[in-house]
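A short worksheet on the structure shown next.
The values are calculated or read from the model by the stated rules, or taken from the named source; none is laboratory data. Not measured: the values here are computed from a predicted model. Don't worry about glycine lacking a Cβ; one is built from the backbone with ideal geometry, like all the others, and counts go over all protein chains shown.
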Amino acid sequence: MTISTEPALSAVEQLFQERRSARAWSAEPVDDDLVRHVYDTVRWGPTLMNTSPLRLLLVRSPEARERLARHMSEPNRDRVRSAPLPVVVAADTDFHEHLDTLVPHLPGARDRFADEATRARIARDQAWLQAGYLTVGLRAEGLDVGPMSGMDAAAIDADLLAGTSWRSLMVLNVGYPAPEPTAHPRAPRLDFDDAAAVA
Ligand SMILES: Cc1cc2nc3c(=O)[nH]c(=O)nc-3n(C[C@H](O)[C@H](O)[C@H](O)COP(=O)(O)O)c2cc1C
(Lines give C-alpha, C1' and ligand atoms only; values in the text may rest on other atoms or scores of the structure.)
Protein backbone atom coordinates (compact mmCIF):
# COMPACT_ATOMS: atom_id res chain seq x y z
CA MET A 1 0.00 0.00 0.00
CA THR A 2 1.29 3.46 -0.93
CA ILE A 3 0.49 6.20 1.50
CA SER A 4 0.07 9.55 -0.23
CA THR A 5 2.13 12.40 1.11
CA GLU A 6 -0.01 14.94 -0.79
CA PRO A 7 -2.21 17.01 1.50
CA ALA A 8 -5.89 16.05 1.07
CA LEU A 9 -7.89 18.43 -1.10
CA SER A 10 -10.59 20.42 0.62
CA ALA A 11 -14.16 20.06 -0.63
CA VAL A 12 -13.89 23.36 -2.51
CA GLU A 13 -10.56 22.38 -4.07
CA GLN A 14 -12.07 19.10 -5.23
CA LEU A 15 -15.06 20.89 -6.74
CA PHE A 16 -12.92 23.20 -8.82
CA GLN A 17 -9.77 21.19 -9.45
CA GLU A 18 -11.14 17.72 -10.06
CA ARG A 19 -14.55 18.13 -11.68
CA ARG A 20 -14.63 18.55 -15.43
CA SER A 21 -17.14 19.82 -17.95
CA ALA A 22 -19.04 16.69 -18.95
CA ARG A 23 -19.98 15.55 -22.42
CA ALA A 24 -21.11 12.04 -21.43
CA TRP A 25 -23.01 10.70 -18.42
CA SER A 26 -24.15 7.46 -16.83
CA ALA A 27 -27.68 6.30 -17.62
CA GLU A 28 -28.90 7.17 -14.11
CA PRO A 29 -31.77 9.66 -14.25
CA VAL A 30 -31.70 12.99 -12.42
CA ASP A 31 -34.77 13.81 -10.32
CA ASP A 32 -36.44 17.21 -10.55
CA ASP A 33 -36.37 17.20 -6.74
CA LEU A 34 -32.57 17.21 -6.70
CA VAL A 35 -32.44 20.15 -9.11
CA ARG A 36 -35.04 21.88 -6.95
CA HIS A 37 -32.89 21.23 -3.88
CA VAL A 38 -29.80 22.69 -5.59
CA TYR A 39 -31.79 25.72 -6.77
CA ASP A 40 -33.10 26.23 -3.23
CA THR A 41 -29.49 26.39 -2.05
CA VAL A 42 -27.83 28.45 -4.77
CA ARG A 43 -30.64 31.03 -4.97
CA TRP A 44 -29.05 32.52 -1.84
CA GLY A 45 -25.95 33.56 -3.80
CA PRO A 46 -25.65 37.34 -4.15
CA THR A 47 -27.08 39.30 -7.10
CA LEU A 48 -27.35 43.01 -7.77
CA MET A 49 -30.03 44.35 -5.42
CA ASN A 50 -31.23 40.75 -5.04
CA THR A 51 -32.70 40.90 -8.55
CA SER A 52 -32.35 37.09 -8.96
CA PRO A 53 -33.17 36.86 -12.70
CA LEU A 54 -32.04 33.24 -13.23
CA ARG A 55 -34.75 31.02 -14.74
CA LEU A 56 -34.53 27.34 -15.63
CA LEU A 57 -36.40 25.20 -18.12
CA LEU A 58 -35.97 21.50 -17.32
CA VAL A 59 -36.36 19.71 -20.62
CA ARG A 60 -38.09 16.43 -19.86
CA SER A 61 -40.30 15.47 -22.77
CA PRO A 62 -38.67 13.73 -25.76
CA GLU A 63 -40.47 16.17 -28.04
CA ALA A 64 -39.07 19.29 -26.29
CA ARG A 65 -35.62 17.69 -26.13
CA GLU A 66 -35.59 17.16 -29.88
CA ARG A 67 -36.72 20.73 -30.52
CA LEU A 68 -33.91 21.94 -28.27
CA ALA A 69 -31.34 19.65 -29.94
CA ARG A 70 -32.16 21.17 -33.33
CA HIS A 71 -31.38 24.65 -32.02
CA MET A 72 -27.92 23.59 -30.86
CA SER A 73 -24.79 23.84 -33.00
CA GLU A 74 -23.85 20.53 -34.63
CA PRO A 75 -21.41 19.04 -32.09
CA ASN A 76 -23.75 19.92 -29.22
CA ARG A 77 -26.88 18.29 -30.64
CA ASP A 78 -26.14 14.73 -29.64
CA ARG A 79 -25.10 15.89 -26.17
CA VAL A 80 -28.58 17.32 -25.67
CA ARG A 81 -30.05 14.08 -27.00
CA SER A 82 -27.98 11.87 -24.69
CA ALA A 83 -27.82 13.89 -21.45
CA PRO A 84 -30.07 12.65 -18.64
CA LEU A 85 -31.43 16.17 -18.14
CA PRO A 86 -30.83 19.19 -20.39
CA VAL A 87 -31.66 22.46 -18.65
CA VAL A 88 -32.13 25.73 -20.53
CA VAL A 89 -30.56 28.42 -18.37
CA ALA A 90 -32.27 31.76 -18.97
CA ALA A 91 -32.48 35.34 -17.75
CA ASP A 92 -35.85 36.91 -16.99
CA THR A 93 -35.88 40.39 -18.54
CA ASP A 94 -38.98 41.16 -16.44
CA PHE A 95 -37.28 40.27 -13.17
CA HIS A 96 -38.46 43.63 -11.79
CA GLU A 97 -41.99 42.22 -11.47
CA HIS A 98 -40.74 40.24 -8.46
CA LEU A 99 -38.93 43.02 -6.66
CA ASP A 100 -41.73 43.75 -4.18
CA THR A 101 -41.04 40.26 -2.86
CA LEU A 102 -37.28 40.21 -3.36
CA VAL A 103 -36.51 43.70 -2.09
CA PRO A 104 -39.13 44.36 0.60
CA HIS A 105 -36.81 46.80 2.36
CA LEU A 106 -36.84 49.14 -0.68
CA PRO A 107 -40.44 50.01 -1.57
CA GLY A 108 -40.79 50.98 -5.24
CA ALA A 109 -37.57 49.18 -6.24
CA ARG A 110 -39.24 47.89 -9.39
CA ASP A 111 -39.64 51.45 -10.69
CA ARG A 112 -35.85 51.78 -10.89
CA PHE A 113 -35.89 49.19 -13.67
CA ALA A 114 -38.38 50.84 -16.02
CA ASP A 115 -35.86 51.05 -18.87
CA GLU A 116 -36.08 47.88 -20.94
CA ALA A 117 -32.53 47.92 -22.32
CA THR A 118 -31.00 48.41 -18.88
CA ARG A 119 -33.19 45.64 -17.52
CA ALA A 120 -32.12 43.24 -20.28
CA ARG A 121 -28.46 43.93 -19.54
CA ILE A 122 -28.86 43.50 -15.80
CA ALA A 123 -30.91 40.34 -16.30
CA ARG A 124 -28.15 38.81 -18.42
CA ASP A 125 -25.27 39.81 -16.15
CA GLN A 126 -26.94 38.65 -12.97
CA ALA A 127 -28.36 35.43 -14.41
CA TRP A 128 -24.86 34.51 -15.65
CA LEU A 129 -23.59 35.07 -12.15
CA GLN A 130 -26.31 32.77 -10.81
CA ALA A 131 -25.56 30.24 -13.55
CA GLY A 132 -22.07 29.95 -12.07
CA TYR A 133 -23.51 29.30 -8.63
CA LEU A 134 -25.83 26.70 -10.15
CA THR A 135 -22.98 24.91 -11.94
CA VAL A 136 -20.97 24.59 -8.75
CA GLY A 137 -24.07 23.69 -6.70
CA LEU A 138 -24.97 20.83 -9.04
CA ARG A 139 -21.40 19.55 -8.90
CA ALA A 140 -21.45 19.71 -5.12
CA GLU A 141 -24.42 17.31 -5.18
CA GLY A 142 -22.36 14.77 -7.13
CA LEU A 143 -23.74 15.65 -10.56
CA ASP A 144 -21.65 16.24 -13.67
CA VAL A 145 -22.62 19.22 -15.78
CA GLY A 146 -21.83 20.16 -19.35
CA PRO A 147 -22.39 23.87 -20.07
CA MET A 148 -23.01 24.74 -23.72
CA SER A 149 -23.68 28.07 -25.37
CA GLY A 150 -23.09 26.86 -28.92
CA MET A 151 -26.72 27.31 -29.91
CA ASP A 152 -29.19 29.56 -31.70
CA ALA A 153 -30.39 31.43 -28.62
CA ALA A 154 -32.97 33.48 -30.55
CA ALA A 155 -34.48 30.27 -31.94
CA ILE A 156 -34.70 28.73 -28.45
CA ASP A 157 -36.37 31.89 -27.17
CA ALA A 158 -38.88 31.91 -30.05
CA ASP A 159 -39.63 28.21 -29.62
CA LEU A 160 -39.24 26.76 -26.12
CA LEU A 161 -39.45 30.11 -24.32
CA ALA A 162 -42.13 31.65 -26.55
CA GLY A 163 -44.56 33.96 -24.77
CA THR A 164 -42.23 34.51 -21.82
CA SER A 165 -39.79 37.25 -20.82
CA TRP A 166 -37.06 34.60 -20.43
CA ARG A 167 -34.00 34.80 -22.70
CA SER A 168 -31.75 31.77 -23.00
CA LEU A 169 -28.08 32.03 -22.01
CA MET A 170 -26.86 28.45 -22.25
CA VAL A 171 -27.90 24.85 -21.96
CA LEU A 172 -26.61 22.92 -18.99
CA ASN A 173 -26.58 19.18 -19.54
CA VAL A 174 -26.92 17.48 -16.18
CA GLY A 175 -26.36 13.86 -15.16
CA TYR A 176 -24.34 11.50 -13.01
CA PRO A 177 -20.70 10.94 -13.97
CA ALA A 178 -19.96 8.62 -16.88
CA PRO A 179 -18.01 5.42 -16.05
CA GLU A 180 -15.18 6.68 -18.30
CA PRO A 181 -13.93 10.16 -17.43
CA THR A 182 -13.45 12.89 -20.06
CA ALA A 183 -10.67 11.69 -22.34
CA HIS A 184 -8.70 14.80 -23.29
CA PRO A 185 -6.21 16.22 -20.79
CA ARG A 186 -7.37 19.21 -18.84
CA ALA A 187 -6.40 22.59 -20.27
CA PRO A 188 -4.38 24.86 -17.96
CA ARG A 189 -5.72 27.95 -16.24
CA LEU A 190 -4.05 31.31 -15.76
CA ASP A 191 -1.84 31.78 -12.74
CA PHE A 192 -2.86 34.26 -10.11
CA ASP A 193 -0.13 36.70 -11.21
CA ASP A 194 -1.48 36.68 -14.77
CA ALA A 195 -5.09 37.14 -13.68
CA ALA A 196 -4.83 39.47 -10.72
CA ALA A 197 -3.15 42.72 -9.87
CA VAL A 198 -2.65 44.62 -6.67
CA ALA A 199 -3.29 48.35 -6.88
C1 LIG B 1 -20.80 29.42 -20.81
C2 LIG B 1 -20.12 28.18 -21.35
C3 LIG B 1 -20.37 27.79 -22.65
C4 LIG B 1 -19.81 26.62 -23.15
N5 LIG B 1 -20.15 26.20 -24.40
C6 LIG B 1 -19.75 24.99 -24.82
C7 LIG B 1 -20.24 24.46 -26.04
O8 LIG B 1 -21.04 25.08 -26.75
N9 LIG B 1 -19.82 23.23 -26.42
C10 LIG B 1 -18.95 22.51 -25.65
O11 LIG B 1 -18.61 21.38 -26.03
N12 LIG B 1 -18.46 22.99 -24.48
C13 LIG B 1 -18.85 24.21 -24.04
N14 LIG B 1 -18.41 24.69 -22.84
C15 LIG B 1 -17.46 23.89 -22.03
C16 LIG B 1 -16.07 24.54 -21.94
O17 LIG B 1 -15.36 24.34 -23.13
C18 LIG B 1 -15.36 23.93 -20.73
O19 LIG B 1 -16.09 24.25 -19.57
C20 LIG B 1 -13.93 24.43 -20.57
O21 LIG B 1 -13.16 24.14 -21.70
C22 LIG B 1 -13.26 23.86 -19.33
O23 LIG B 1 -13.22 22.46 -19.43
P24 LIG B 1 -12.95 21.54 -18.11
O25 LIG B 1 -14.09 21.81 -17.17
O26 LIG B 1 -12.96 20.12 -18.62
O27 LIG B 1 -11.64 21.95 -17.55
C28 LIG B 1 -18.93 25.87 -22.34
C29 LIG B 1 -18.68 26.29 -21.02
C30 LIG B 1 -19.27 27.41 -20.52
C31 LIG B 1 -19.03 27.80 -19.09
- Task: Could you tell me whether L134 is out of contact with any His (no Cβ under 9 Å at 6 or more places or on another chain), under 22 Å from D33 (Cα atoms), touching a residue at least 60 places away in the same chain (Cβ under 8 Å) and away from the ligand (no atom under 13 Å from the Cβ)?
- Result: no
- Query: out of contact with any Gly (no Cβ under 6 Å at 6 or more places or on another chain), assigned to a helix (DSSP H, G or I), surrounded by 11 or more Cβ atoms within 10 Å (Cβ to Cβ) and of a type in the set (A, V, I, L, M) - does that describe any residue in the range 11-20?
  - Reply: yes
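Yes or no, residue by residue, for (1) at pLDDT 95 or above; (2) in contact with a strand residue (DSSP E or B) (Cβ under 9 Å, 6 or more places away or on another chain); (3) closer than 16 Å to V145 by Cβ:
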{"site": "E6", "(1), (2), (3)": "no, no, no"}
{"site": "R20", "(1), (2), (3)": "no, yes, yes"}
{"site": "V38", "(1), (2), (3)": "yes, no, yes"}
{"site": "R43", "(1), (2), (3)": "yes, yes, no"}
{"site": "L48", "(1), (2), (3)": "yes, no, no"}
{"site": "V59", "(1), (2), (3)": "yes, yes, yes"}
{"site": "P62", "(1), (2), (3)": "yes, no, no"}
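Select from the range 144-163 the residues that are in a loop (DSSP other than H, G, I, E, B) and either under 19 Å from the mean Cα position of the chain (by Cα) or within 11 Å of the ligand (Cβ to nearest atom) (or both) and list them in ascending order. First the steps, then the outcome.
In the first step, residues of the range 144-163 are kept if they are in a loop (DSSP other than H, G, I, E, B); the result is 149-150, 152, 160-163.
Correct list: S149, G150, D152, L160, L161.
Do we have any residue at all in the range 91-102 that's within 16 Å of the ligand (Cβ to nearest atom) and under 24 Å from Y133 (Cβ atoms)?
Filtering the range 91-102 down to residues within 16 Å of the ligand (Cβ to nearest atom) leaves 91.
Within this subset, residues satisfying the condition of being under 24 Å from Y133 (Cβ atoms) are 91.
Taking every residue of the range 91-102 in turn, at least one turns out to be within 16 Å of the ligand (Cβ to nearest atom) and under 24 Å from Y133 (Cβ atoms).
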- Task: Run S52 past the list (1) of a type outside the set (F, W, Y); (2) under 26 Å from G163 (Cα atoms); (3) not in a loop (DSSP other than H, G, I, E, B) and report the number of the one that doesn't hold.
- Result: (3)
